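Single-structure report; data block below.
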Amino acid sequence: MVEKQYTITDEAGIHARPASALVGSISKFQSDITLGFNGKQVNLKSILGVMSLGIASGSTVTIAADGTDEEEAMAKIDEVLKAEGISNQ
Amino acid sequence: MTSPLSGIAASTGIAIAKAFRLENPELTVEQLQVGNPAEEIARFDAAVAQSAAELEVIQEKTAQQISDKEAAIFGAHLLVLSDPELIGPIKERIVTDSVNAEFALQETSDMFITMFEAMDNDYMKERAADIRDVRKRLLSHLLGVKIQDPSMIDEEVIVIAEDLTPSDTVQLNAQFVKGFITDIGGRTSHSAILARTLEIPAVVGAQNAMATIRNGQTVIIDGLEGKIIVDPDAATIQQFEQEKSAYDAQKAEWAKLKDEPTISADGQHVELAANIGTPKDLAGVLEHGAEGIGLYRTEFLYMGRDTFPTEDEQFDAYSKVLKGMNGKPTVVRTLDIGGDKELTYLDLPKELNPFLGLRAIRLCLEMPDLFRTQLRALLRASVHGNLKIMFPMIATVEEFRQGKAMLAEEKAKLLEVGIAVSDSIEVGIMVEIPSTAVMADVFAKEVDFFSIGTNDLIQYTMAADRMNERVSYLYQPFNPAILRLVKMVIDAAHKEGKWAGMCGEMAGDDIAIPILLGLGLDEFSMSASSVLKARAQISRLSKQEMASHTGHILALSSSQEVEAYVKGIS
C-alpha cells in the first residue's frame, strides 16, 4: 500500500470541477484508492463520496492506494492534483 | 389583471412574452417484487447507458453553445452515473431485496440527497440538485416516461417551472426563451447563475408561479426588482416596454464601453479600477471591463480559518490575481486587521478604542514575522504581473520608511538565493488618517502613489464612528473638509510627478465622480459592478469644466450645499 498526505491549496476547496477531474482520471486503475479527511474515509473513485466530505481550502487529506497498480495510480493522482490546482505539494 | 407575484431577482432585465409551463412529468415510484433480479439489473444497466448517451450529447452541445465550464456540470453527471458508491448499492438492493430498479434507485439516491442537503455549505446543498437531475433522467428511461424537452421551444416565451434542473437550463434556447420564473431556488442556484451568463432576466423563489400562471398568458418579468405581472393591461405593458427599452439602451451603452479606456468628454483619460477580496472576484473585474485592480484586500486570505496562511498559499493567491490581470495594474494592500476585523487565532488584547488602536500597518510592524511572510509572498508573485504594494493606515512618514525597509530587506534576501523579483514594483500608501493627508506634500517625495481610503478618512476627520447610528449624520463624504483633504493629497502627488487614486465607496458615487474628476484624481477604484456606469458618466463630463467649479465647491459650507451644487452642474 502507498499513502501520501496533501494540503488542499485551491481556495475553493475540492469543488465539482476538480473533483470530477480527479475521480475521472483514476477510474481505470485496479487498485482500491481511498481519500481520508477528518477521520472519515471514502472511495476516491466515487464522485459523491469525495464531494460529501466538503473539503475546504487549507485542509490536509490522506490518499492511499492498494493494489497491483498502486504506484502508477499514485503518480497519476499527484499529476492531476497539481494540474487542477487542487494541491501544490 | 391578477395580483402581482414576486420572487428573488436572480438575473437583471425585463421581458414580456407568453408563458410556457415546463411541467415535471409524474415519475411515481412504486415498490415491486421482481422474480428475476438479473433481468432487473440488465434493465437498470440499459437505463444507465441511455442516460449516459444523452448526457454526452448535452455535454457536447453545451460546450459548443455556452461554455466548457457549464459543460463540466454534465461531466460530473456522467461520473455520478458511473459512481461505484451509488450504482453498487442499487444493484445490491435489487438482488438482496428482489425489488424493482426504480425503487432501489429512489431509496439509494435519497440517502445521498439527504446527506448533501444537510451540509453546512450552500454550494454543497446545490449538489443535491445534480443528483436529483441524474435520478430524473434514469427514472424517465426506466418508466418509459418522456421528459418535456425545453430545446423544442420555437417561439418567444417566458418559461415557468417549479424548478429548473441544470440540464433543463442549458437546453433553454436563448433565442426564444426571454426569461424564466421558478417557484424554488435562490440567487446562487445553478439556473440563476446560468441566467446571468445568458443575460436573460430571471425571477426565482416565486413560490406560486406554477399554481397561478397558465400556458399562453402574457407575463411581464422584471429581473431588476423580482416582480412578475400576469395578464397585464395595455397601460402596464406600455410602461414596461418603456422601462425595457431604457434598460436595454443603457446596457448597450455600457457594453460598448467594456473594452474602452475611460475618457472624459474633453478627452482626458482616468483609470477605472475595481476592488476585490479574493481571486474569485477576478471574473467580475474582467467582465465589467475594469482597467486594473485598485484595492486587493488581502485580509480575506487570513479570515475564516484557524492558522495564518502560509507564504506559499499567499503566493498562489497573489500570482493567480496578477496572472489573471494580464499586465494591468494591480494594487495589493498589505494586511489590514484590527478595528472591526479580528482574527480568532491572533489573540490580541481587547482594546477600548479598536479603531484608534493596534491595527493594519501598526500591527504588522509590531509582528514583523507575520508582515515579512506576506511581503515575501508578494515579492515572489511580482514577476507574474504589474504589482503595486500599498500599506494601510499610515500615520507617519517613519511608518512608511520602516515598511519599505522591510520590503527591501526581503527582496535582497530573495535575490540572494536566486528567486526572481520584479524591478518595477511601486510602493504606496493608503491615505485614511488626516495627519497623512495634511503631510501629503512630504509623503509625496517618498511614496510612489497615494490611494485615498474614504471610509476611514471620513470617520477620522469627522470624529464620528460610522457604525454608530446616532452620529451617522456626521458621516459626510461631501463635507468640504473631506474634499479639501482630498485636494491636498492629489495636488501633492502631482507636484512630485506621482499618481493619486481613491479606493473607498466614494470613488464610485455619481455625485463624487464629477468633483473628483475636477480635482484631478488619476485612479478611481470601486466595486466591479459600478465600473461601466462610472465610465459612461465620465464620458459625458468635461474634466476642464468640472475643474472650473472646484474653487466654488471647496468654499461651500456644508455637505448638503455641495450635493445640491453638483447636481446642478453635472
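How large is the helix-only mean residue ellipticity at 222 nm for chain B, computed as the sum of -39500 (n - 2.57) over DSSP H runs with n ≥ 4, divided by its residue count, in deg cm²/dmol to the nearest 500?
Numbers: 23 runs with 280 residues, N = 570.
My calculation for chain B gives -15500 deg cm²/dmol from helical runs alone.
Ligands, DNA and RNA are left out, and with a 1.4 angstrom probe the accessible area of the range A:2-83 is 41 Å² per residue.
Using a 1.4 Å probe on the protein chains only, how many percent of the accessible area of the range B:258-569 belongs to carbon and sulfur? Its accessible area is 52 percent carbon and sulfur atoms.
Using unit Cβ charges (K, R positive; D, E negative) and no other charged atoms, how large, in debye to the nearest 20, is the dipole of the protein assembly as shown about its Cα centre? Walk me through the numbers before you get to the answer.
Details: 61 positive and 97 negative charges, 301 e Å.
Charge dipole of the protein assembly as shown: 1440 debye, to the nearest 20.
Going by the alpha-carbon gyration tensor, a ≥ b ≥ c the square roots of its eigenvalues, is the protein assembly as shown rounded (a/c under 1.5) or, if a/c is not under 1.5, prolate (a/b greater than b/c) versus oblate?
On the way: a/c = 2.57, a/b = 1.42, b/c = 1.80.
Oblate, because a/c is 1.5 or more while a/b does not exceed b/c.
Normalised by the number of residues in the range A:2-83, the mean separation of alpha-carbon contacts (under 8 Å, six or more apart) gives a relative contact order of 44 percent. Expressed as a fraction of 2.2 N^0.38 Å, the value expected for a compact globular protein of N residues, the C-alpha radius of gyration of chain A is 0.95. In order along the range B:240-255, the Karplus-derived 3J(HN,Hα) couplings, from 6.51 cos²θ - 1.76 cosθ + 1.60 at θ = phi - 60°, round to 6, 5, 5, 4, 5, 5, 5, 5, 5, 5, 5, 5, 5, 5, 5, 4 Hz, and Gly and Pro are given as x.
Of the residues A:ILE8, B:ASN36, B:VAL383, the one whose Cα sits farthest towards the positive end of the charge dipole of the protein assembly as shown is B:VAL383 (charges of +1 on Lys and Arg Cβ, -1 on Asp and Glu Cβ, taken about the Cα centre).
Among the residues of the range A:40-55, which ones have their accessible area go down by 20 Å² or more when all the protein chains sit together, as opposed to their chain alone (1.4 Å probe)? Residues shielded by partner chains are A:ASN43, A:LYS45, A:SER46, A:ILE47, A:LEU48, A:MET51, A:SER52, A:GLY54.
In this assembly, the B-A interface accounts for approximately 1700 Å² of buried accessible surface in total, computed with a 1.4 Å probe and without ligands, DNA or RNA.
Within the protein assembly as shown, antiparallel bridges make up roughly 45 percent of the DSSP beta bridges whose residues both belong there.
For each pair in B:LYS323/B:LYS411; B:LYS125/B:LYS178; B:LYS61/B:LYS178, compute the distance between the two Cα atoms and list the pairs where it is over 25 Å.
Beyond 25 Å between Cα atoms: B:LYS125/B:LYS178.
Per residue of A:22-29, other chain Cβ atoms within 10 Å of the residue Cβ number 2 on average. Centre-to-centre separation between the Cα atoms of the range B:41-61 and those of the range B:301-345: 44 Å.
For the range B:331-468, the calculated P(r), taken from all Cα-Cα distances in 5 Å bins from zero up to the bin holding the longest distance, is 2, 9, 19, 21, 19, 15, 9, 4, 1, 0, 0 percent. A straight line joining the Cα centroids of the range B:444-496 and the range B:508-526 runs 13 Å. Each Lys and Arg contributes +1 and each Asp and Glu -1, all at the Cβ; summed about the Cα centre of the range A:2-83, the dipole is approximately 320 debye.
Counting DSSP beta bridges with both partners in chain B, what percentage is antiparallel, nearest 5? Can you show the working numbers first?
Values: 18 of 58 bridges.
Within chain B, antiparallel bridges account for around 30 percent of the total.
Among the trypsin sites (Lys or Arg not before Pro) in the range B:83-176, those located in a DSSP loop and surrounded by at most 16 other Cβ atoms within 10 Å of their own Cβ are B:LYS146. For the range B:150-242, the antiparallel share of DSSP beta bridges with both residues in that region comes to about 35%.
Ignoring ligands, DNA and RNA, what percent of the 1.4 Å accessible area of the range A:2-83 is carbon and sulfur?
Numbers: 1560 of 3400 Å².
Summing carbon and sulfur atoms, their accessible area is 46 percent of the total for the range A:2-83.
Just how large is the dipole of the range B:32-143 about the Cα centre, in debye to the nearest 20, putting +1 at every Lys and Arg Cβ and -1 at every Asp and Glu Cβ?
On the way: 11 positive and 21 negative charges, 39 e Å.
Around 180 debye, computed over the range B:32-143.
Averaged per residue, the range B:285-330 has 41 square angstrom of accessible surface, using a 1.4 angstrom probe with ligands and nucleic acids left out.
The values are calculated or read from the model by the stated rules, or taken from the named source; none is laboratory data. These figures come from a predicted structure and were not determined experimentally. Reconstructed Cβ throughout: ideal geometry from the backbone, glycine too, with neighbour counts over all protein chains shown. SASA here: full protein model, heavy atoms, side chains in, ligands and nucleic acids out. Shrake-Rupley method; radii C 1.70, N 1.55, O 1.52, S 1.80 Å.
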